[in-house]
Structures are given as C-alpha cells and as structure tokens.
Amino acid sequence: MLIQRTLTAICLIAMLMAAIFYMDIVYFQGLFGVLFLIGAYEWFRLILNVQPQAKVTAYLFAFLFSSLMLASFVVAPQVYIQPVLILTSLFWLTMLIWVVRYPCGQACLQQYPVLLAVIGLWMLLPCWFCLNYLKLYQSSLVGNLGQQLIAVVFLITISADTGAYFAGKTWGKHLLIRNVSPKKTWEGFAGGLALTLVLVTGFWMQLGLPIVQGVLMIAVTAVASVFGDLVESMFKRQANMKDSGSVLPGHGGVLDRIDSLLAALPIFTLLVILQGI
C-alpha cells in the first residue's frame, strides 16, 4: 500500500508541476477542470450518502457547480475574485468552528441537505477561481509570477501533509481534533508546519519576494491546509465514507488529495492581494 501510495503521489506531483509551469491557460484549465469535476461528483455522492432521499438537492448542486464553472471561462476572475475571497474566508472560519464543535450541528445536515450543496459549492469553486486567477497573475514586484505562486501553495500542502504524517507517526500522542480525526495529532501538526517553513521558505527566497511577509503567508496557508483536511474528514465521517472515491490508487478520491488545497489556495490568494505582492 505504501509503495502504491508513493508511486501515485510521485506521478501526481510530476503531472501537476508540468501543468503549472508548461501548459498554457487553455490546457491548464482543461486538466484542472477535469479534476474539479471529479471532485464535484464525489461531493454529489457524499450528499446522497448523508441523505439518500436528497436526490433533488444533489442534482441541484451538480447543476449549479457546472454552471458556475462554465461561467468562470467567460468572466475574468479579476472581476469577482476579491469579494469571493472575503466571503470564502468567512466560510472557512465557520467551518473551523464547526470542526471544533463536532458532532454538534450534524443532525441539521440530514434535516436540511441543501446545506451540503451550499458547502460543497463554497469548498470547490473558490479554489477553482483562484487557480485561474493566479495562473495569469502579474506581481507588482517582479512581474509574471502566477505559476510560481501556485507552485508555492502546492509545496505548502504537500510539505504540511508529509511532515505531519512522519512527525505524527514518530512522536504523535495528543490528538488534534479527537471527534473528527483519530490519527491527526498536535505533534504531527507541529512537524508539518516546521517542514513547510523550512522547505517552502527556501523556494520563496528564490522568487525575490519579501521574506518576512513570505514566512507569515506560508505559516497561515499551512494552517489553513490542515483545516481543509479536517473539514473534509468531518463530512466524510458524517457520510460514513472512508474515502471520497477510488480514482487514485492508494489515495482514495480526488477530494482526498485536494482537501487541503481547497482551504489553502483561497487563503493564500487573499493574502497575496492584501500584501500587494
């Protein structure tokens, strides 16, 4: 299982980095668009797992997601990105409170499954918008920097996840959120944050950007990536699902791989805009 998981991870990282640095915007959107559509389908299944009678809600989610995704090809992200990111930050803050208080409030998901549709839209779409926005981003400091900034976020999520896994396995004793994830520990969280700061700060320094701002942005984004992972784990627990899907050997579904990114990328993009990078 570990070998299969490692091989899948290597292939994914190679494919994503090639897409980020070498694909033009059309092919880039095509590749990531497919991944996000698969992720949306996995959320569609999650809705039905939580409430099998909520077929209308599940199809409404699918329709709205597809429509808004198509609209993003027509309307430039610069038009709407800032208000979307502010609302998305409030959304993730709400999700953080929900995770900490879990299992309080879970009964309302079965009673009002439309909440799951709204949550799915807010988890997936802002991340998709940010990918499109950053791909063509022009830095006020060093010019064309979008590809490197996307790579920074991917490196943050990968480093945080890898560091947390090995630190948690070696020293983990104190559970992070007991009711949501019985394997994530504070020691793993600290190890993931430490590895992220060391590795990603080194990459950041090569970009010619302010170091202090960079370290703060990397740390905040790393923390956000952990919450993204926890939020998806919470909803999978509610749906009684071990994995969101099985499309990635050894890793589960697409949502299982991009859960950290769903929170990290919008938060990072908002920080880029606020810091004027």
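Every number in this text was worked out from the coordinates using simple rules, so none of it is lab data. No experiment lies behind these values; they were computed from the predicted model shown. Cβ atoms come from the backbone with ideal geometry, glycine included; neighbour counts cover every protein chain shown.
Tabulated data for the structure shown
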item	result
Within the stretch 194-277, trypsin sites (Lys or Arg not before Pro) in DSSP loop having at most 15 other beta-carbon neighbours inside 10 Å	242
Approximate spin-label separation residue 56-residue 27, in nm, with each point projected 7 Å along Cα-to-Cβ	4.5 nm
Cleavage-rule hits (chymotrypsin sites (Phe, Trp or Tyr not before Pro)) in the stretch 45-94: DSSP loop, at most 11 neighbouring Cβ within 10 angstrom	73
Cα-projected label distance for residue 138 with residue 174, points at 7 Å along beta-carbon direction, nm	4.9 nm
Over 30 Å (Cα to Cα) - which of 55/169; 135/169; 169/236 fall in this group	55/169; 135/169
In sequence order, calculated HN-Hα J values of the stretch 94-104 (Karplus, 6.51, -1.76, 1.60; Hz; x Gly/Pro)	4, 5, 4, 4, 5, 4, 5, 8, 3, x, 4
Stretchable slack from residue 198 to residue 112, in nm (0.36 nm times residue separation minus alpha-carbon distance)	26.6 nm
Partner lysines for residue 173 [C-alpha distance under 20 Å; skip if fewer than 8 residues away on the same chain]	183, 184
The chain, dipole about Cα centre (Lys/Arg Cβ +1, Asp/Glu Cβ -1), debye to the nearest 20	580 debye
Residue with peak Gaussian network fluctuation, the chain [Cα springs, cutoff 10 Å], from 265, 85, 64	64
GNM flexibility winner over the chain from 191, 30, 146 (Cα, springs under 10 Å)	30
Calculated P(r) of the chain - Cα pairs past 22 Å, %	57 percent
